[in-house]
Amino acid sequence: MGGAAGHMRHPHDAAKVRSGSDLINMFYDIEDLLAQGLTVPNVKIDGINVSFKYVNGQFAVDRGSLKEIDVSGVTLDRISERFPEGHGMRPAITNLLTIMNTALPDIKGEIQALGLIDNPHYFLNTEYVEGTTNAVGYEEDFIAIHGVNAFYEKHSRGNKYRPGDARPVNPDTNKLTKDPSYEVNFSQNAMSTLIDKLNQVGPSMGFKFYGPIPTSGIPNINIDFTSSLTTLIDFNVTEYLNIVPELNKYKGKSLEQCLLAISFKPGNYPNYPLLIMNDGKKRNPYHKETYLNILKRNIPLEDIAPPETIEDFVKGAIFMHSTRLMGNAVLSFLTSEIGDMVGDDGGHEGVVIRNPGIDPNPIKITGDFIETGMFGAIAQVMAQNENTITMEEKDLLHLIESLIAGIF
């Protein structure tokens, strides 16, 4: 999920996770909540974010930028202004807005109840799926409305301004949050009725509509983190074991031993500091490519980062691996009306947990999708066309590549 909704947090991004022990406890907390039926995860859809709002009597897409056209809204008659011919977003936005505007006379009450008419900075956080839109292949084309978000206000140079709610201060950084928006509470009844009415229009245009898709536990299957926590952690390292002796705390140890050895200084987590690497670039410790290089591709640590930052990258890789393996244990327990979260067909991207006992923000559990999502259709197409796109699109490409690589 990206665009207007912003980056959704992994378990290791949660506010209460300040150590490896905290991360273990978070997954056990999730297990307890599921066992007691105190939280119902929703399916996380792997599609194109085409979130939209209501403006001047019609629907309009808003990508969350400070461009006038986004703030005002990309209506059907302005799609070509925002996205040039051949841009991959054009058919998705055209289909979505056509369906929504066709249904508008019948759904005006639901849109009012969800707050979109009285709050122009509110939008429906939506995922568009047509075939294998990204890395997951679905059996039908559909549009999933996850919920209602509200933009934060934003100022920028050149007097650019996006209206919205006041930005809160992030207690970890003592700075204003950088999130573009946040989820707001909404009427579940209004959402349910909205989906029912949209399914009276959408299928004739080739798309089914879903609201938040709940999951449930698979009978006779329990969540078991034992195999995850006993997994041995190893990496390719020689002289760094003498130069950076702290690496001995992790090499050849179980995942649980590694996590219990990891803690962070106050204020240093869950921020994503940019640290120097041997190629001269700066990356955060939770970069997916770096994680794979350290724990899956057997790249020597001496080739990855200098002694002063290598332990941070190893810690980040261990956290990513923990999130992946323990996430798989959770996902293998869950199913939904559109299939199991893990299955012979590859399953789904993951689930979203919304529970204040876990975190004030939604938390995503994606398991193996941490890796497989890097090789989806969107990423591959953009890579193939990098030399033929405009400078503006290249900027967008680099942002998307960063998101795919796990920089945020």
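The values are calculated or read from the model by the stated rules, or taken from the named source; none is laboratory data. None of the values given here were measured: they were computed from a predicted structure. With ideal geometry, Cβ positions are generated from the backbone for all residues, glycine too; neighbour counts draw on all protein chains shown. For the accessible areas, the whole protein counts, side chains as well, though only heavy atoms, and no ligand, DNA or RNA atoms are used. Shrake-Rupley method; radii C 1.70, N 1.55, O 1.52, S 1.80 Å.
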Log entry, pairs with first residue in the range 12-29 being on the phi < 0 side of the Ramachandran plot, second being in a helix (DSSP H, G or I) and of a type in the set (Asp, Glu), beta carbons closer than 8 Å, six or more apart or on different chains, reads 16/22; 24/256
In the range 224-241, residues that are among the small types (Gly, Ala, Ser) and crowded, with 20+ Cβ neighbours inside 10 Å total 1
Residue match in the range 99-107 (condition: small (Gly, Ala, Ser), open to solvent by 20 Å² or more (accessible area, probe 1.4 Å) and in contact (Cβ under 8 Å) with a residue 60 or more places away in the chain): no
Could you please let me know if residue 152 is out of contact with any Pro (no Cβ under 9 Å at 6 or more places or on another chain), aromatic (Phe, Trp, Tyr) and open to solvent by 10 Å² or more (accessible area, probe 1.4 Å)? no
Among (1) open to solvent by 40 Å² or more (accessible area, probe 1.4 Å); (2) touching a Phe, Trp or Tyr at 6+ places or on another chain (Cβ under 7 Å); (3) closer than 30 Å to residue 348 by Cβ, which single condition is residue 307 missing? (3)
Result of the Cβ filter at 9 Å on the range 53-67, keeping first residues that are polar (S, T, N, Q) and partners that are assigned to a strand (DSSP E or B) and open to solvent by less than 30 Å² (accessible area, probe 1.4 Å), at least 6 apart or interchain, is 65/162
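Go through 293, 328, 284, 278 for me and flag whichever is open to solvent by 10 Å² or more (accessible area, probe 1.4 Å) and in contact (Cβ under 8 Å) with a residue 60 or more places away in the chain.
Unique residue meeting the criteria: 328.
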Given (1) surrounded by fewer than 15 Cβ atoms within 10 Å (Cβ to Cβ); (2) over 23 Å from residue 359 (Cα atoms); (3) modelled with pLDDT of 90 or more, identify the lone condition not met by residue 137. (3)
Scanning the range 262-283 for residues that are part of a loop (DSSP other than H, G, I, E, B) and in contact with a Ser or Thr (Cβ under 9 Å, 6 or more places away or on another chain), the one modelled with the lowest pLDDT turns out to be 267
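To keep it simple, each residue is scored yes or no on (1) under 20 Å from residue 114 (Cα atoms); (2) among the aliphatic types (A, V, I, L, M).
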position: 159; (1), (2): no, no
position: 187; (1), (2): yes, no
position: 197; (1), (2): yes, no
position: 212; (1), (2): yes, no
position: 217; (1), (2): no, no
position: 225; (1), (2): no, no
position: 233; (1), (2): no, yes
position: 255; (1), (2): no, yes
Of the numbered conditions (1) within 26 Å of residue 40 (Cβ to Cβ); (2) within 25 Å of the chain's Cα centre (by Cα); (3) surrounded by fewer than 16 Cβ atoms within 10 Å (Cβ to Cβ), residue 189 fails exactly one; give the number of that condition. (2)
Please determine, by comparing only the residues of the range 141-163 that are under 22 Å from the mean Cα position of the chain (by Cα) and part of a loop (DSSP other than H, G, I, E, B), which one is nearest to residue 339 (Cα to Cα). 141
Quick check on this structure: which one of 106, 118 is assigned to a loop (DSSP other than H, G, I, E, B), modelled with pLDDT of 95 or more and over 30 Å from residue 371 (Cβ atoms)? 118
Could you give every pair whose Cβ atoms fall below 6 Å, whose first residue belongs to the range 216-228 and is without any contact (Cβ under 8 Å) to a residue 60 or more places away in the chain and farther than 13 Å from residue 33 by Cα, and whose second residue is surrounded by fewer than 12 Cβ atoms within 10 Å (Cβ to Cβ) and among the acidic types (Asp, Glu), counting only separations of at least 6 or pairs across chains? none
Going residue by residue through the range 352-364, is there one that turns out to be among the small types (Gly, Ala, Ser) and at pLDDT below 95? yes
Any residue at all in the range 310-323 that is under 21 Å from the mean Cα position of the chain (by Cα), in a helix (DSSP H, G or I), polar (S, T, N, Q) and within 23 Å of residue 40 (Cβ to Cβ)? yes
